[in-house]
Amino acid sequence: MTVRVRFAPSPTGFVHIGSLRTALYNYLFAKKHNGRFVLRIEDTDRSRFVEGASENLVRILEWAGISADEGPGYNGTYGPYFQSQRTSIYKEQVEKLINAGAAYYAFDTPQEIEQMRQRQRNQGVHTPKYDYSVRDQMRNSLRLSSSEVEEEIANGTAFVIRLKIPKDRIFRFQDRIRGEVEFSSDEIDDQVLIKSDGFPTYHLANVVDDHLMEITHIIRGEEWLSSVPKHLFIYESFGWDAPEMAHLPLIFNPDGSKMSKRNIQSLDDIPAGKVDPDVESYRRKGYENSALINYIALLGWNPGKGTEQEIFMPDELVTEFSLDRVNKSRAIFDLNKLNWLNKEHLGRQPTEELVKRLEPELTQKKIDYKSDQYLYQVVDLVKSRLAFLQEFIPYSHYFFQDPEHFDEKGIRKRWKSDSAKLVLEFCQEISKLETFDVKSIEEALRRISDHHDVGAGRIIHPVRLAVTGVTVGPGLFELLQILGKETVIRRLKYAAEKLPVYKQQ
Ligand code: GLU
């Protein structure tokens, strides 16, 4: 049996972190089992249609490295993959349910339904339902004769098709994550399958497509768990086997509330205790796609006891992932952990990739990066120190031009009365060097500090300040080597002449 899984979003304009996780787990499960990952767009709710939403969704999935094997814009022989293009299939299929006595036409107007609910409320029913207890009092094909039904349809009376949920049935199934789950049919109403606009509801379309697309495993958020009994009854009525199911625990804000887009404009302005559920915000902010995927993988899954590993590259996730290690308990989104992972991933990216990503911006900002090789060295040195790649230019500007400003606080703290003298002596010492590399630069510096019997810091800090204008950065000797002797000497001399010595406290 070939594993076939699907991600079946209803495009609503933005991709929720929870949806990305569902897509990811399906993708990983498919890859791990040499299966197929299907993308199906569930767009039958025309009132929620958002122009461009599915293109946006595909773009974000691709950014995250989650490519479908089948779906809109991909290959596949099970299409169309937009449910809105499959309405004739649902109509044809629902006929089978009607013929099997599992579904029926209902012509009730909204007023008639409201009156029925009111009658139930008057009898003390808490949550009124259109179900076995009332269906034979309503205007539907169970009560009307077939000629009356034909007449209603011929007259163009609006109708829906409902599922005839049996009374007193227990629907039981084994969820791959939650174990045995059961529902009583008495809790369920006669679900609409085809709406009055002719479009199917989620329930019908989802079951029909999962069957016709030969889906073997359904992996989705726990919010869909309560739909399972309806789906099981639909499968049963069609005479089809239901796929295996796995319902993923929900993801919550740090304060325990549901992740919602309300009151959140950007990642830089988040109300306390909340996080942004919109994947696009993380992409725009500059998160590494592999870090976000790593983080999201851990939201509900762990690699197992005895494994401390938290940093996973995408292909490692494919080998490690298993549904058996998905937790039952809910997950809390922790931005600090994501930020930590981002830094770790950035530091692990191949330097040549980062160079490629940086070059266009450097060119656009007219920053002279000398050569690809020079840029490579700089990126290689600083990448593990950046939280985001876009910090690269502000963090490493001095590699590309002499500093124009010198950190005021740094001068006060580091530039002492003897700094100019020590820096110039260091200058002289390095000018004699034949090879200008980390080792010889460091030795030159030690010679000066030994000679004057001062700690190396008395030279290291002023040199860094003089050469970079700032007090923090990568290893000093590495950065001097990259800058090159000539540049270093020029900058040291300039600083020795220009930097003021403030009164020492
Ligand atoms: N269209 C549903 C959604 O928006 C699909 C749920 C499922 O996977 O069955 O998530």
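Key figures for this structure:
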item	result
Of residues in segment 182-200 being under 32 Å from the mean Cα position of the chain (by Cα) and open to solvent by less than 20 Å² (accessible area, probe 1.4 Å), the one farthest from the ligand (Cβ to nearest atom)	L193
Members of segment 240-257 that are over 15 Å from I177 (Cβ atoms) and either within 15 Å of the ligand (Cβ to nearest atom) or touching a residue at least 12 places away in the same chain (Cβ under 8 Å) (or both)	W240, A242, F252, N253, P254, D255, G256, S257
Segment 169-180, residues that are within 16 Å of the ligand (Cβ to nearest atom) and open to solvent by 20 Å² or more (accessible area, probe 1.4 Å)	F173, R176, R178
Selected residue (only one of Y74, Y25 is buried (at least 18 other Cβ atoms within 10 Å of the Cβ), of a type in the set (S, T, Y) and over 30 Å from I153 (Cα atoms))	Y25
Count of segment 215-234 residues which are more than 10 Å from the ligand (Cβ to nearest atom), under 24 Å from T2 (Cα atoms) and in contact with a Pro (Cβ under 9 Å, 6 or more places away or on another chain)	2
Wholly enclosed helices (runs of 4 or more DSSP H) of segment 394-458 bearing at least 1 residues among the basic types (K, R) and modelled with pLDDT under 95	408-414
Test: residue in segment 287-294 that is over 19 Å from A64 (Cα atoms), among the hydroxyl-bearing types (S, T, Y) and crowded, with 18+ Cβ neighbours inside 10 Å	no
Answer from A30, A64, A53, A68 - the residue that is hydrophobic (A, V, I, L, M, F, W, C) and within 13 Å of the ligand (Cβ to nearest atom)	A53
Residue ID - least open to solvent (accessible area, probe 1.4 Å), chosen from residues in segment 201-214 that are among the β-branched types (V, I, T) and more than 10 Å from the ligand (Cβ to nearest atom)	V208
All positions within segment 292-312 that are touching a strand residue (DSSP E or B) at 6+ places or on another chain (Cβ under 7 Å) and either of a type in the set (K, R) or on the phi > 0 side of the Ramachandran plot (or both)	G300
Matching option when the condition is charged (D, E, K, R), within 14 Å of the ligand (Cβ to nearest atom), closer than 26 Å to L232 by Cβ and buried (at least 18 other Cβ atoms within 10 Å of the Cβ), among R40, R36	R40
Selection within segment 293-328 - over 26 Å from V3 (Cα atoms) and in contact (Cβ under 8 Å) with a residue 24 or more places away in the chain	E310, I311
Residue satisfying all of: in segment 364-385; under 18 Å from D402 (Cα atoms) and polar (S, T, N, Q); surrounded by the most Cβ atoms within 10 Å (Cβ to Cβ) among these	Q377
Any chance L232 is touching a Leu at 6+ places or on another chain (Cβ under 6 Å), aliphatic (A, V, I, L, M), assigned to a helix (DSSP H, G or I) and in contact (Cβ under 8 Å) with a residue 24 or more places away in the chain	no
Strands (runs of 3 or more DSSP E) (entirely within segment 1-117) containing at least 2 residues that are under 24 Å from the mean Cα position of the chain (by Cα)	4-7, 36-39
Residues located in segment 452-505, provided they are among the charged types (D, E, K, R), over 23 Å from D437 (Cβ atoms) and touching a Phe, Trp or Tyr at 6+ places or on another chain (Cβ under 9 Å)	K498
Any hit, segment 339-356, residues being surrounded by fewer than 17 Cβ atoms within 10 Å (Cβ to Cβ), among the aliphatic types (A, V, I, L, M), at pLDDT 95 or above and touching a Leu at 6+ places or on another chain (Cβ under 9 Å)	no
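The values are calculated or read from the model by the stated rules, or taken from the named source; none is laboratory data. Nothing here was measured: the structure is a model prediction, and the numbers come from that model. All Cβ positions, glycine included, derive from the backbone under ideal geometry; neighbour counts span all protein chains shown. The accessibility values were calculated without ligands, DNA or RNA, using every heavy atom of the protein model including side chains. Shrake-Rupley method; radii C 1.70, N 1.55, O 1.52, S 1.80 Å.
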